[in-house]
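Input: a single structure, listed below in structure tokens.
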Amino acid sequence: MNDLPQQLANGLLLGALYGLIAIGYTMVYGIVQLINFAHGEIFMIGGFGALTMWLWMPNGTSLLVALPLMILMAVICSVLVGVGAERFAYRPLRGAPRLAPLITAIGLSIALQQAIWAWYPEATKSRPFPEFSGPRIDFGAFTIERGELYLLIAAPVCMIALGFFVSKTRTGRAMQATSQDPDTAKLMGINTDRIIVMAFAIGAAFAAIAAIAHGLRYGEVNFKMGFIAGLKAFTAAVLGGIGNIYGAMIGGVVLGLSEAMATAYIADIPGMEQLGGGAWKDVWAFVLLILVLLLRPQGLLGERVADRA
Amino acid sequence: MRHRSLLILTTAVTAGALTLSACGSRDDDSEDGGGGDGTTVVIGLDAPLTGDLSALGIGIQNSAELAVKTANENEEVKGVTFELEPLDDVAQAQQGQQNATKLVGNEDVMGVVGPLNSDVGQSMQKVFADADLAQVSPANTNPALTQGEEWQSGNKTRPFDTYFRVSTTDAIQGPYAAQYLFNEEKLKKVFVIDDKKTYGAGLAGTFADEFEKLGGKVVGTDHVNPDDKDFAAIATKVKNSGADFVYYGGEYPAGAPLAAQVKKAGAKIPTVGGDALFSAEYVALAKENAEGDMASSVGAPLTELDTAKEFIKNYEAAGYEDAFEAYGGYSYDSAWAIIQAVKTVVEDNDGELPGDADEARKAITEAMNDVSFEGVTGSVGFDEFGDTTNKQLSLYQVKDGEHVPLTSGEFEG
């Protein structure tokens, strides 16, 4: 167990990544009750946006200099796709039965994936992403990579900013109102269409920030990365209570930690040798999800952003 | 309650989408450009032309195409024009099987080069056997494909008469690496990881057996999912296990990030693997963390063989965008073996192929057993199991971002 602090750090970082993506799921669900299955692809496109910006830079540019521009580009790409998806794929179906936009979302997800596959140069295989070089940063009990510092800073900053936005600003309060009761909110003079676009945009921006964290951590982006990441983020959102912003972050961290713990320790339990290790971590993560849904169907923190935030 | 049932539905749909997205296919219609008065013989090709393993697949396609072009230019078989029909298997066994059925359905196809992956090869074998169509794989290394499931217990039987390969098997590739690392590099403790696929698990198994037999110690084992990119937790386990090196049975899309993350976790130890790590893509993905990593591969280094020099020259002259990669030379030899078999049949049959397609296929498959020539990768020929008679193996190490030959020799058990 001497590696417990390190494994906790591994799980926490992975969880923060899941949590950042999960916020997009949760916000959209909290306001329009739509599970935006294309959200994973919005995340993936953010990664390719950042990579494009990096490739435009002259050779030898320091990553530290390039990073703000890469974040900007990633956010622009993701937000454009997210808002575009809302405008052209979901808004026309707003009054339709709930199944219709869900199917559109799955279709859109495949279309976006294939679009990158077909049009981005050499995207048929994994594309290398720039990384910070240099020794790991020592925190005593555990160490982390330089690139992971980005995630360590970005996740809490994003959360605090979002929390402030939702509870303190006019638009944020309008968002809560829309989430609670869209019809009444409209009667109160809130432009609900604008609020919905806003939810898509914020979710997409967070996904873009997460995509850069993914690139810095794994050193690559590829056109398929949104699928698994989206699935995990969706799980995190459900785990924390879908619709609940803080729940998404908590759900992500719980999921990340459980994956790391499952990989590291399950095989050490007598009689469980065959059920541990890296290949089984997803199984344990989903067992956990099922348990939470059985015992506390509303998720760890409960559903719906408006009542709680 | 309504949205809860929606959640369940969504989960079910996701699972469905997972399955569906795995079997998308893209066929390139090959052009019917050949012909003239003579016979046209189509050589089928199956490899992952898109997806994570496409670097290897494209190398296979280009090299086979080069063989076909060369045969046509030299009029290797009088009156016969060769054509290549490449199909993409996306490294999926199911897609490979569909491609096999498609190739069998085309009466002009007289032999097939491919595939890359052992599990894909496994799914294709019976389809070709039922049609008496010869298949030569440039890259399958799982021993069971030629020697049957019980090969390890010594009970070797050839399951399919139509299956041949020009690469050596994991039964000797894993042990070859084990011997070198134990005897020459003096590394005694290993952490063995595999991806649970036919190729990866087989390779890791034969490696570990030999390494322990020599007196080495396996200090830990783990398995990963081939699509995964996050190995931080495993890397921490490796670091704390005190292993001298990692042996990874699997392919570079997961192998490269795994090796990089092990080094990033603070374990300054090399990752060693089989021929599926022997790719420029491996270095591109693991970047500077690939330094010092090793990969075994079948045959001698192409740069050291006289027969390969002309191939490399012609490949460069043909102006292909992508490199021929680990299996290019083997792919060329696979296609050439089919061409040679066609030549034998044509010469024995008064200068033309038997008119009946089934008969022609059967004759070519039989002729394959006796094919023998000096190929790009050394002498090419097949033993009674359809395995190559060439048992040469090599180890490569990444130095300054490139795989350089470390050692080469014949495996002695």
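The values are calculated or read from the model by the stated rules, or taken from the named source; none is laboratory data. Because the structure is predicted, anything quoted here is derived from the model rather than measured. Cβ atoms come from the backbone with ideal geometry, glycine included; neighbour counts cover every protein chain shown. Just so you know, the surface numbers come from the protein's heavy atoms only, side chains and all, with ligands and any DNA or RNA stripped out. Shrake-Rupley method; radii C 1.70, N 1.55, O 1.52, S 1.80 Å.
Please give the average number of partner chain Cβ atoms lying within 10 Å of the Cβ of each residue in A:3-12, rounded to a whole number. Present the calculation step by step, with values, prior to reporting the outcome.
On the way: counts 7, 1, 1, 9, 5, 0, 2, 9, 2, 0.
Mean partner-chain Cβ count within 10 Å for A:3-12: 4.
Taking chain B as a Gaussian network, where each spring joins two C-alpha atoms under 10 Å apart, which residue of B:GLY273, B:GLY292, B:GLY329 fluctuates the most?
B:GLY292
Not counting ligands, DNA or RNA, and with a 1.4 Å probe, what is B:ASP350's accessible surface area in Å² rounded to the nearest 10?
140 Å²
Can you compute log10 of I(q)/I(0) for the stretch B:145-211 with the Debye formula, treating each Cα as one identical point scatterer, at q = 0.14, 0.15, 0.27 Å⁻¹?
-0.49, -0.55, -1.23
Looking at chain A, do any whole DSSP H helices span at least 24 angstrom along their long axis by alpha carbon and average 0.0 or above on Kyte-Doolittle, and which? Intermediate values should be presented prior to the final figure.
On the way: long enough: A:4-32 (41 Å, 1.28); A:39-56 (26 Å, 0.94); A:63-85 (32 Å, 2.67); A:99-119 (30 Å, 1.42); A:148-168 (30 Å, 1.74); A:192-218 (39 Å, 1.32); A:245-265 (30 Å, 1.28).
TM-like helix candidates: A:4-32, A:39-56, A:63-85, A:99-119, A:148-168, A:192-218, A:245-265.
May I ask for the distance between the Cα centers of the stretch A:37-51 and the stretch A:1-35, given as a whole number of Å?
Between the Cα centres of the stretch A:37-51 and the stretch A:1-35 lies a distance of 17 Å.
Using a simple spin-label model with points 7 Å from Cα along the Cα→Cβ vector, what separation in nm is obtained for A:ARG146 and A:VAL283?
4.0 nm
Counting partner chain Cβ atoms within 10 Å of every residue's Cβ in B:218-231, what's the average?
Details: counts 0, 0, 2, 3, 8, 6, 5, 6, 1, 4, 6, 11, 15, 4.
Mean shielding count: 5.
Provide the packing ranking of A:193-204, B:276-287, i.e. peptides ordered by the mean count of other C-beta atoms within 10 Å per residue, highest first. Show your work: numbers first, answer last.
Values: A:193-204: 22.4, B:276-287: 24.4.
Packing order, densest peptide first, comes out as B:276-287, A:193-204.
Set the Förster radius R0 to 22 Å, insert the Cβ-Cβ distance between A:ARG194 and A:THR52 as r into 1/(1 + (r/R0)^6), and round the FRET efficiency to 0.05.
On the way: r = 29 Å, r/R0 = 1.32.
In this case the efficiency is close to 0.15.
Can you tell me the mean projection area, over all orientations, of the convex hull of the stretch A:38-88's alpha carbons? Units nm², please.
Values: hull surface 13.5 nm².
Orientation-averaged projected area of the Cα hull: 3.4 nm².
How would you order B:77-84, A:228-235, A:6-13, A:211-218 from highest to lowest mean count of nearby Cβ atoms within 10 Å? All intermediate terms of the calculation are to be shown ahead of the outcome.
On the way: B:77-84: 18.9, A:228-235: 24.4, A:6-13: 22.6, A:211-218: 26.0.
Highest mean packing first, the order is A:211-218, A:228-235, A:6-13, B:77-84.
I want to check the label-to-label distance for B:ASP130 and A:SER167. Put each point 7 Å from Cα in the C-beta direction and report it in nm to one decimal.
6.6 nm
Give me the Debye-computed log₁₀ of I(q)/I(0) at q = 0.12, 0.14, 0.21, 0.23 Å⁻¹ for the stretch A:61-139, equal point scatterers on Cα only, no solvent, two decimals.
Once normalised to I(0) and log-transformed, intensities are -0.57, -0.71, -1.06, -1.15.
Of the beta bridges DSSP finds with both residues in the protein assembly as shown, what % are antiparallel, to the nearest 5? The partial results should precede the final answer.
Numbers: 22 of 56 bridges.
Taking every DSSP beta bridge with both residues in the protein assembly as shown, the antiparallel ones total about 40 percent.
What is the angle, in °, between the Cα long axis of helix B:357-368 and the longest principal axis of the Cα atoms in chain B? Nearest 10 is fine, range 0 to 90.
So the inclination is approximately 60 degrees.
Could you state how much accessible area A:TRP284 has, in square angstrom rounded to the nearest 10, with a 1.4 Å probe and all protein chains kept in place?
60 Å²
For the stretch A:155-237, evaluate the Debye formula with one uniform point scatterer on each Cα (no solvent term) and list log10 I(q)/I(0) at q = 0.24 Å⁻¹, rounded to two decimals.
-1.15
Can you pull the semi-axes for the stretch A:213-309, root of five times each eigenvalue of the Cα gyration tensor, sorted largest first, whole Å?
Values: eigenvalues 122, 80, 20 Å².
Computed over the stretch A:213-309, the values are 25, 20, 10 Å.
What length, rounded to one decimal in nm, is gained on full extension from B:LEU214 through to B:SER153, with 0.36 nm per residue of separation minus their alpha-carbon distance? Let's see the in-between values first.
Values: separation 61, 0.36 × 61 = 21.96 nm, distance 1.94 nm.
Between B:LEU214 and B:SER153, full extension yields 20.0 nm more.
Take each of the peptides B:195-203, B:320-328, A:66-74, average the number of other beta-carbon atoms within 10 Å over its residues, and list them starting from the highest. Display every interim value, and only then the final one.
On the way: B:195-203: 23.9, B:320-328: 21.4, A:66-74: 19.6.
For the peptides B:195-203, B:320-328, A:66-74, the packing ranking is B:195-203, B:320-328, A:66-74.
Would you mind estimating how fast the stretch A:1-147 diffuses translationally, via Stokes-Einstein at 10 °C and 1.306 mPa s with the Kirkwood radius over Cα pairs, in µm²/s?
Values: Rh = 17.7 Å.
D = 90 µm²/s.
I'd like the distance separating the alpha-carbon centroids of the stretch B:238-256 and the stretch B:304-331, in whole Å.
Centre-to-centre (Cα) distance: 30 Å.
Nearest 0.05, what FRET efficiency do B:ASP161 and B:LYS313 give at R0 = 41 Å with Cβ-Cβ as r? Don't skip to the answer; put the middle values down first.
On the way: r = 36 Å, r/R0 = 0.88.
The computed FRET efficiency comes out at 0.70.
From Cα pairs below 8 angstrom and at least 6 apart in sequence, can you work out the relative contact order of chain A, rounded to a whole percent? Show your work: numbers first, answer last.
On the way: 533 pairs, mean separation 105.7, N = 309.
Computed over chain A, the figure is 34 percent.
So, R0 is 45 Å and r is the distance between the beta-carbons of B:ASP348 and A:ARG87; what FRET efficiency does that work out to, to 0.05? Before the final figure, lay out each step's value.
On the way: r = 69 Å, r/R0 = 1.54.
Efficiency, rounded to the nearest 0.05: 0.05.
Could you tell me whether the protein assembly as shown comes out rounded, prolate or oblate from its Cα gyration tensor? Rule is a ≥ b ≥ c as square roots of the eigenvalues, rounded for a/c under 1.5, then prolate if a/b exceeds b/c, otherwise oblate. All intermediate terms of the calculation are to be shown ahead of the outcome.
Working: a/c = 2.20, a/b = 1.63, b/c = 1.35.
Judged from the Cα gyration tensor, the protein assembly as shown comes out prolate (a/c at least 1.5, a/b above b/c).
Taking the simple approach of a point 7 Å from Cα along Cα-to-Cβ for both B:LYS78 and A:GLN114, what is their distance in nm?
Using points 7 Å along Cα→Cβ, the separation is 5.0 nm.
Averaged over every viewing direction, what's the projected area of the C-alpha convex hull for chain A? Give it in nm², one decimal, please.
Numbers: hull surface 69.5 nm².
If you wrap the Cα atoms of chain A in a convex hull and average its projections, you get 17.4 nm².
Pull out the extension gain between B:ASP227 and B:ASN369, defined as 0.36 nm times the separation in residues minus the alpha carbon to alpha carbon distance; nm, one decimal.
47.3 nm
Two-decimal Rg/Rh of the stretch B:24-163 from alpha-carbon positions, Kirkwood Rh? Mind showing how you got there, number by number?
On the way: Rg = 15.4 Å, Rh = 15.5 Å.
With Rh from the inverse mean 1/r over Cα pairs, Rg/Rh is 0.99.
Across peptide B:232-245, what mean number of C-beta atoms from other chains lies inside 10 Å of a residue's C-beta?
Working: counts 17, 17, 7, 2, 12, 9, 0, 3, 6, 1, 0, 0, 0, 0.
The shielding value for this peptide is 5.
Take the alpha carbon atoms of the stretch A:231-290, find their center, do the same for the stretch B:60-74, and report the distance between the two centers in whole angstrom.
If we compute the Cα centre of each part, the gap is 50 Å.
Where only protein heavy atoms count, and the probe is 1.4 Å, what is the accessible area per residue for chain B in Å²?
38 Å²
Take the Cα atoms of chain B, find their three principal axes, and give me the spread along each one in whole Å, biggest first.
Principal extents (largest minus smallest coordinate, Cα): 69, 66, 45 Å.
Using Cα pairs under 8 angstrom and six or more residues apart, how large is the relative contact order of chain B, in percent? The partial results should precede the final answer.
Values: 889 pairs, mean separation 71.5, N = 413.
Relative contact order, chain B: 17 percent.
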